[in-house]
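*Asks:* Take a look at this one; I'll ask things after.
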Amino acid sequence: MAIKIAVIGAGMAGVTVARALRSIADISVFEGVGGWMPTRRIEEVVFDHGAQYFTIRDERFRDSLKAAQADGVIQSWNGEAGSLSGDGLSQRFQPATPRYVGVPSMNVLPKAMSVGLDIQLDEQVLAVTGENGRCLWRLVHWRPR
Ligand SMILES: Cc1cc2nc3c(=O)[nH]c(=O)nc-3n(C[C@H](O)[C@H](O)[C@H](O)COP(=O)(O)OP(=O)(O)OC[C@H]3O[C@@H](n4cnc5c(N)ncnc54)[C@H](O)[C@@H]3O)c2cc1C
């Protein structure tokens, strides 16, 4: 019998682990795609209001991004960063670590990485229940909207 794994949450962590495990198990991912890499549109203005950029510090994460990089879904971003104090922009600097963004917006990266995965859209997991002494787990989930 194939191993079944439920991944709770389809943010970057969820879609990354689901892709890494899909060759050894049947994976179901619960919830909509993106988590804290959302992009919003207000009239003509499109903006990322979660992560503005990300870094790659682990070679396994770099490997998992290769397809997205080849497809042009991510690119390096060399903009200046700044920090705010009470009276305005206090410091501008060029971070030393290479930074990346989704193209044209951050939410395209988790969306691209979720292609081919079994995503149970908008399903919220309420509980994980198990049976004593048995390696058998059940998810209690529902669709709030
Ligand atoms: C305003 C803001 C700015 C940020 N800026 C940056 C930045 O510039 N650079 C950077 O690297 N990081 C930044 N971050 C952090 C970055 O966005 C997060 O670290 C990253 O997106 C977390 O990914 P994740 O997959 O671990 O979790 P999340 O993105 O939080 O995804 C978890 C998902 O799981 C879902 N979930 C949770 N519980 C359940 C359940 N019971 N059932 C079903 N689904 C569930 C949630 O709804 C969510 O969609 C920022 C975050 C915020 C909020």
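*Asks:* Is it the case, given these coordinates, that L117 is open to solvent by 40 Å² or more (accessible area, probe 1.4 Å), within 15 Å of the ligand (Cβ to nearest atom) and out of contact with any Phe, Trp or Tyr (no Cβ under 7 Å at 6 or more places or on another chain)?
*Replies:* Judged against the criteria, L117 is not a match.
*Asks:* Okay, moving on. Being more than 16 Å from V33 (Cα to Cα) and over 16 Å from the mean Cα position of the chain (by Cα): is that true of A127 here?
*Replies:* It is true that A127 is more than 16 Å from V33 (Cα to Cα) and over 16 Å from the mean Cα position of the chain (by Cα).
*Asks:* For the range 1-117, please list each of the strands (runs of 3 or more DSSP E) lying entirely inside it that holds at least 1 residues being of a type in the set (A, V, I, L, M) and in contact with a Lys or Arg (Cβ under 8 Å, 6 or more places away or on another chain).
*Replies:* In the range 1-117, the matching strands (runs of 3 or more DSSP E) lie at 26-33, 45-48, 81-85.
*Asks:* Filter the range 120-139 down to the residues that are within 11 Å of the ligand (Cβ to nearest atom) and more than 22 Å from R22 (Cα to Cα), then identify the one that is surrounded by the most Cβ atoms within 10 Å (Cβ to Cβ).
*Replies:* Only one residue fits best here, namely L126.
*Asks:* Looking at (1) closer than 15 Å to A13 by Cα; (2) open to solvent by 100 Å² or more (accessible area, probe 1.4 Å); (3) free of Cβ contacts under 8 Å to residues at least 60 places away in the same chain; (4) within 13 Å of the ligand (Cβ to nearest atom), can you tell me which one R60 breaks?
*Replies:* R60 satisfies every listed condition except (4).
*Asks:* Condition check: closer than 17 Å to V108 by Cβ and open to solvent by 60 Å² or more (accessible area, probe 1.4 Å). Does K66 satisfy that?
*Replies:* yes
*Asks:* As an exercise: evaluate A81 against (1) out of contact with any Asp or Glu (no Cβ under 6 Å at 6 or more places or on another chain); (2) within 16 Å of the ligand (Cβ to nearest atom); (3) aliphatic (A, V, I, L, M); (4) within 23 Å of V17 (Cβ to Cβ) and give the number of the one condition it does not meet.
*Replies:* Failed condition: (4).
*Asks:* So, in the range 32-56, of the ones that are within 6 Å of the ligand (Cβ to nearest atom) and of a type in the set (A, V, I, L, M), which residue ends up nearest to the chain's Cα centre (by Cα)?
*Replies:* Of everything passing the filter in the range 32-56, M37 is nearest to the chain's Cα centre (by Cα).
*Asks:* Which ones in the range 96-116 are within 17 Å of G32 (Cα to Cα) and of a type in the set (D, E, K, R)?
*Replies:* K111
The values are calculated or read from the model by the stated rules, or taken from the named source; none is laboratory data. Since this is a predicted model, take the numbers as computed values, not measurements. Glycine also receives a Cβ, built like all others from the backbone with ideal geometry; neighbour counts cover every protein chain displayed. For the accessible areas, the whole protein counts, side chains as well, though only heavy atoms, and no ligand, DNA or RNA atoms are used. Shrake-Rupley method; radii C 1.70, N 1.55, O 1.52, S 1.80 Å.
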